[in-house]
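Asker: This is the structure I have questions about; it appears just below.
The values are calculated or read from the model by the stated rules, or taken from the named source; none is laboratory data. If you're wondering where the values come from, they're calculated on a predicted model, not measured in any experiment. Backbone-built Cβ (ideal geometry, glycine too); neighbour counts: all protein chains shown.
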Amino acid sequence: MITVDYLVVGGGLAGLVVATRLAEDLDVVVGVLEAGQDMSRNPDVQTPANYYKGIRNPETDWGFFTAPQDGLNGRRIYLPRGKGLGGSTLLNLMQLGRASAVEYNAFEQLGSKGWDWAEFLKYFKKSEAFHPDSEDITEFGLNIADEVHGKCGPLPKIMPPRVWPVHSRVMEAFVSVGIPFNADPVGLFFLSEPNQPTLDDAPKNDGANAGCWTGTTAIHPGQHTRASSASAYYEPNRDKSNLIVVTGAYATRILFDPKESGDLVAKAVEYHKDGEIHVAHATKEVILCTGSFKTPQLLELSGIGDKKILDPLNIPVIIDLPGVGSNLQVLSHYHRPFVVPIYIALEESAEYMTTRTGLLSSAPMSAFAFIPLSLIPHDRKILDGANKLDFSGDPSASAGMQRAFQMQKEWLMNRDVSFLELATISSYLPNTRALPLEGRNYISFVLGLLHPFSRGHVHIRSSDPFDSPTIDPRFLNNGTDVELFIDAVKLVRKVVNARCIKSAIVRETAPGPAVQFDAEIIEYLKGNVQTIYHPIGTAPMFPREDGGVVDESLKVYGTQNLRVVDASVIPLQISAHIQHTIYAIAEKAADIIKGASRSLSFSSTLIQRQPQSSAHKHIIGRGLLKQRRPVPESWTNAKRLTAGLPLKPPVRRGNAVRSLSPVPSPSASPRPPSLSTPSGSHSETPSFSGSSAPSVTPPTAPVLSTRGSFGCTDAETGEFVGYISKDLNAFGQYTRTTDSTKRLVLEIDLDAARLGPVDMMAINGGESNYPFFGGVTGFSSTNPNLSPSSSNYANLCGTSQTNPGSPAQIWPNTFSEYSGDAATWRYDSALGVYPQWINLDGSKPALHLVYVPNADMFSLTGSVEAFRASFGSVTQCSLSFVPTAASVPTPTTSVY
Ligand SMILES: Cc1cc2nc3c(=O)[nH]c(=O)nc-3n(C[C@H](O)[C@H](O)[C@H](O)COP(=O)(O)OP(=O)(O)OC[C@H]3O[C@@H](n4cnc5c(N)ncnc54)[C@H](O)[C@@H]3O)c2cc1C
């Protein structure tokens, strides 16, 4: 029997976000059951342009089909869904987008308090790291509203590393047919060209995503590999001992405590692994994250759902919740391939493999137009038809669904809400009319209906958990969706006929020029419409009386501790590629679960790394850990952490007492008993920064020591991060405080500093065995050198003394077989006190200081980029040393 505190079912997008965020609390054990395997390091998964290789591959794709669709000539549509750690983020096209404020505010208007644009914005920012450079800004004409983008989240958001050669012509063509250019599709709605149609040229900060723009993508910068929830959230936490991931574990049922009275308590989940049935127990909560198709299936298999569905299948109903599986909304799209005479060298693949550049480094889509109907000529029939659509007679339409439906009708003429999407894909998307010809190059226009009026459902068809559920989106089951599509088809023809792009296109392969009349277009649509991969709504967040399945805390009605966190809680379709919204939902869910939804902290998920273990293959709960055999005293803390054991106190050396006494200063001048700011030679609040170490002229100041503390500011935002605290974390590293009375007070011997980098002594705290303030190379560092390209780092810890100017000393410590300890401080009369590491060969690398919120520690590294790439996002800081006589530190703009 195995037991964890939080049991997350489904290690997909939302599952891994929730699990890693919950596991930030080292006092809880989080378990994840994932049916698929760990595929995130597979080269095909990682290569952005190879996204299609995962589709229809049973290892990474569940490969669902819809029920036969009446609106599509009875066709069954293929519905890919990601399987494995990362879920559908293993297969997706990596587009990151947001819908408009109006649409997020609708969540609240539909009855879920606390779910509005402001709240979504908070979590969009928490999840992402966006750092467009000047080249991006010029190339894509960006005008970024900084306040709506996050900088420190785990999920990288970048502009496409490389765009398809017709990208700019497509953008121009969009503008030429009246779709305004949007310079920041999640921030401001700037319209650049004075002669272009104008929606609004005032800043809005409300997500305004209408217009045409270049899509941002979830790709790791530099390495240009796919950023999935597995690579962005799980990878930095892979070895955490309180995060236990079981792959190949197919959950089949949620088990509850026998009901006595009141709401049910979920206590365990039954799952199949390697042909055997297991049970995982949860002491606090079970969190369902199995996606829009499997979540309703699991609820129904567990007896939560519509009695009318469950009774005939002989599944005892434990909570009669008719909303389960009822509100399915799937975007439909169809695509139109065009032949383009642009040659793509076959060497692209080789280029990517060797330099991580070229077309394979990018997602295959880049130019997008999101179009509110009011922006384009549209058939009056659309509005008339929509007004006539009525759901009230449909017995499966809950009050919540009807209100959402009504809202959607009202949005038809809302100039902020896009109904159509046009996107280009740099390849041939298959269709029934024509096959791609060898040696030809294609561009496909994807036409998406962003707010389909059709509503469908997902329900189990038997009590066998291995039976796929029936998925019926009812594509094009109403005239309005068809009319909208017809307008989209006509619009694309206008786009490709625009003067700026016409010459780049040889011909339309499908449907082809023969298809012109509406009736012909409808026939073509019926034969070709597919899905855009954004199913939502099958466990909707509505009030219970409105047919909801979860409340605003994402808790399933009738339960005390079962939540749903995935795309199925979204109550109505939004005009955006949906993954970023799900990241935001999962981030918020984690805060709700932690009971801290209001105290947002941009914490990274970084912790000390431990050696790779197979622990994540087998769930190890608390009970099991307690029964482990006794552990040798000699185990390092790394091993102990992996085994979930309490850590030993941070003793780093066998001969710790070796060098406690300060080195006498060369001049042998007596040190003044209490020292304040040295006079004359430097400013009151000296500070230094810079990405490279300055050349240091020995000061001519008199022999002095000086006392003071370090204040720290966020180098990117200029916000005050706090002081370096006198208190240590569990690993013996200096922490941060905003309480000035808890500042670490340090003393530097300026006389000794004339000889080169020197120790600083901790006066009021830290560690008595290691009273010097310096760097200790991090556990996962591969050697004690810090260099411009490596992610090696040194944590600010107590050290023993090193001679002025000497390189890092190598010692074993409680974490690993070796560690580099060094004095890292230097004094300059103009620059004040600043860190200076010395590598083994005597070189002095440029240093950057980062604050790692989750581990509450500061680290020095030679490369913030490399450090972030290895460990996730952190705050890059600037330091200012404030002599004790001075008042509160003045934040500096200088950067480490
Ligand atoms: C081909 C494709 C392209 C897409 N392109 C984009 C895009 O470019 N931009 C965008 O924004 N969105 C895109 N999406 C959509 C986006 O990826 C999904 O909406 C999102 O990943 C859904 O997140 P989720 O957490 O709800 O589910 P998922 O990410 O699908 O995760 C569900 C997880 O649960 C696991 N699971 C299911 N059942 C069980 C069970 N019984 N036991 C254990 N584990 C189980 C699954 O294996 C999976 O890992 C795309 C999707 C697809 C399929």
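Asker: Restricted to segment 1-17, and to residues that are more than 9 Å from the ligand (Cβ to nearest atom) and crowded, with 24+ Cβ neighbours inside 10 Å, which residue is farthest from S229 (Cα to Cα)?
Answerer: Restricting to residues being more than 9 Å from the ligand (Cβ to nearest atom) and crowded, with 24+ Cβ neighbours inside 10 Å, the top hit is V4.
Asker: Output the strands (runs of 3 or more DSSP E) that fall wholly within segment 733-788 and possess 2 or more residues being under 35 Å from the mean Cα position of the chain (by Cα), or say none.
Answerer: Here the list reads 734-737, 772-777.
Asker: Name the strands (runs of 3 or more DSSP E) wholly within segment 205-275 that hold at least 3 residues that are surrounded by fewer than 21 Cβ atoms within 10 Å (Cβ to Cβ)?
Answerer: 250-256, 266-273
Asker: If we scan segment 498-509, do we find a residue that is charged (D, E, K, R), outside any helix (DSSP H, G or I) and buried (at least 17 other Cβ atoms within 10 Å of the Cβ)?
Answerer: The answer is yes, given that some residue of segment 498-509 is charged (D, E, K, R), outside any helix (DSSP H, G or I) and buried (at least 17 other Cβ atoms within 10 Å of the Cβ).
Asker: Of all residues in segment 511-559, which are aliphatic (A, V, I, L, M) and part of a loop (DSSP other than H, G, I, E, B)?
Answerer: Those that are aliphatic (A, V, I, L, M) and part of a loop (DSSP other than H, G, I, E, B): A514, V515, V529, I532, A539, V549, L554.
Asker: Before we move on, is L383 surrounded by fewer than 20 Cβ atoms within 10 Å (Cβ to Cβ) and either without any contact (Cβ under 8 Å) to a residue 24 or more places away in the chain or out of contact with any Lys or Arg (no Cβ under 7 Å at 6 or more places or on another chain) (or both)?
Answerer: Spelling it out, L383 is indeed surrounded by fewer than 20 Cβ atoms within 10 Å (Cβ to Cβ) and either without any contact (Cβ under 8 Å) to a residue 24 or more places away in the chain or out of contact with any Lys or Arg (no Cβ under 7 Å at 6 or more places or on another chain) (or both).
Asker: Hey, another quick one. Can you say whether T47 is β-branched (V, I, T), in the same structural domain as S418 (by TED's automatic domain parsing) and within 6 Å of the ligand (Cβ to nearest atom), as far as the supplied structure shows?
Answerer: The answer is no for T47.
Asker: So for segment 73-88 (the condition being touching a helix residue (DSSP H, G or I) at 6+ places or on another chain (Cβ under 9 Å) and away from the ligand (no atom under 14 Å from the Cβ)), does at least one residue qualify?
Answerer: Yes, the conditions are met somewhere in segment 73-88.
Asker: While we're here: Looking only at segment 88-138, count how many residues are polar (S, T, N, Q) and within 23 Å of Q46 (Cα to Cα).
Answerer: 5
Asker: Taking segment 9-29 as the search range and keeping residues that are more than 19 Å from the chain's Cα centre (by Cα) and closer than 15 Å to R238 by Cα, which one is modelled with the lowest pLDDT?
Answerer: Here the answer is L26.
Asker: I'm trying to understand the selection: among the residues of segment 315-364, which are more than 30 Å from V265 (Cβ to Cβ), modelled with pLDDT of 55 or more, part of a loop (DSSP other than H, G, I, E, B) and over 29 Å from the mean Cα position of the chain (by Cα)?
Answerer: Hits for segment 315-364: nothing passes.
Asker: Ok, one more. Out of (1) within 16 Å of the ligand (Cβ to nearest atom); (2) assigned to a helix (DSSP H, G or I), the odd one out for I137 is which?
Answerer: Result: I137 fails condition (1) only.
Asker: Considering H167, H149, which residue is surrounded by fewer than 22 Cβ atoms within 10 Å (Cβ to Cβ), closer than 21 Å to H580 by Cβ and touching a strand residue (DSSP E or B) at 6+ places or on another chain (Cβ under 9 Å)?
Answerer: Exactly one of H167, H149 is surrounded by fewer than 22 Cβ atoms within 10 Å (Cβ to Cβ), closer than 21 Å to H580 by Cβ and touching a strand residue (DSSP E or B) at 6+ places or on another chain (Cβ under 9 Å), namely H149.
Asker: I would also like to ask the following. Using beta carbons and a limit of 6 Å, which pairs, at least six apart or on different chains, have the first residue in segment 71-89 and free of Cβ contacts under 8 Å to residues at least 24 places away in the same chain and under 23 Å from G456 (Cα atoms) and the second one within 16 Å of the ligand (Cβ to nearest atom) and not in a strand (DSSP E or B)?
Answerer: If the second residue must be within 16 Å of the ligand (Cβ to nearest atom) and not in a strand (DSSP E or B), the pairs left are R76/T66.
Asker: Could we say that L91 is within 12 Å of the ligand (Cβ to nearest atom) and within 17 Å of S292 (Cβ to Cβ) here?
Answerer: Considered against the rule, which asks whether it is within 12 Å of the ligand (Cβ to nearest atom) and within 17 Å of S292 (Cβ to Cβ), L91 comes out as yes.
Residue-wise test of (1) buried (at least 24 other Cβ atoms within 10 Å of the Cβ); (2) in the same structural domain as P372 (by TED's automatic domain parsing); (3) within 30 Å of A129 (Cβ to Cβ).
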site	(1), (2), (3)
V496	no, yes, no
D518	no, yes, no
I532	no, yes, yes
V556	yes, yes, no
R563	yes, yes, yes
D566	yes, yes, yes
I574	yes, yes, yes
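Asker: Also, quick follow-up: Looking only at residues in segment 71-98 that are small (G, A, S) and in contact with a Phe, Trp or Tyr (Cβ under 9 Å, 6 or more places away or on another chain), which one is surrounded by the most Cβ atoms within 10 Å (Cβ to Cβ)?
Answerer: G86
Asker: Hey, any hits in segment 184-192 for a residue that's away from the ligand (no atom under 16 Å from the Cβ), modelled with pLDDT under 95 and surrounded by fewer than 17 Cβ atoms within 10 Å (Cβ to Cβ)?
Answerer: The answer is yes, given that some residue of segment 184-192 is away from the ligand (no atom under 16 Å from the Cβ), modelled with pLDDT under 95 and surrounded by fewer than 17 Cβ atoms within 10 Å (Cβ to Cβ).
Asker: Name the residue that is modelled with the highest pLDDT, counting only residues in segment 810-835 that are polar (S, T, N, Q) and either crowded, with 24+ Cβ neighbours inside 10 Å or in contact with an Asp or Glu (Cβ under 8 Å, 6 or more places away or on another chain) (or both).
Answerer: If we take residues in segment 810-835 being polar (S, T, N, Q) and either crowded, with 24+ Cβ neighbours inside 10 Å or in contact with an Asp or Glu (Cβ under 8 Å, 6 or more places away or on another chain) (or both), then T824 is modelled with the highest pLDDT.
Asker: Assess whether D257 counts as being away from the ligand (no atom under 12 Å from the Cβ) and out of contact with any Phe, Trp or Tyr (no Cβ under 9 Å at 6 or more places or on another chain).
Answerer: Yes; evaluated as a whole, the condition is true for this residue.
Asker: Output yes when any residue across segment 53-63 is more than 12 Å from the ligand (Cβ to nearest atom), more than 16 Å from I532 (Cα to Cα) and hydroxyl-bearing (S, T, Y), and no when none is.
Answerer: no
Asker: Taking A101 as meeting all but one of (1) buried (at least 19 other Cβ atoms within 10 Å of the Cβ); (2) within 16 Å of the ligand (Cβ to nearest atom), write down the number of the exception.
Answerer: Result: A101 passes all but (2).
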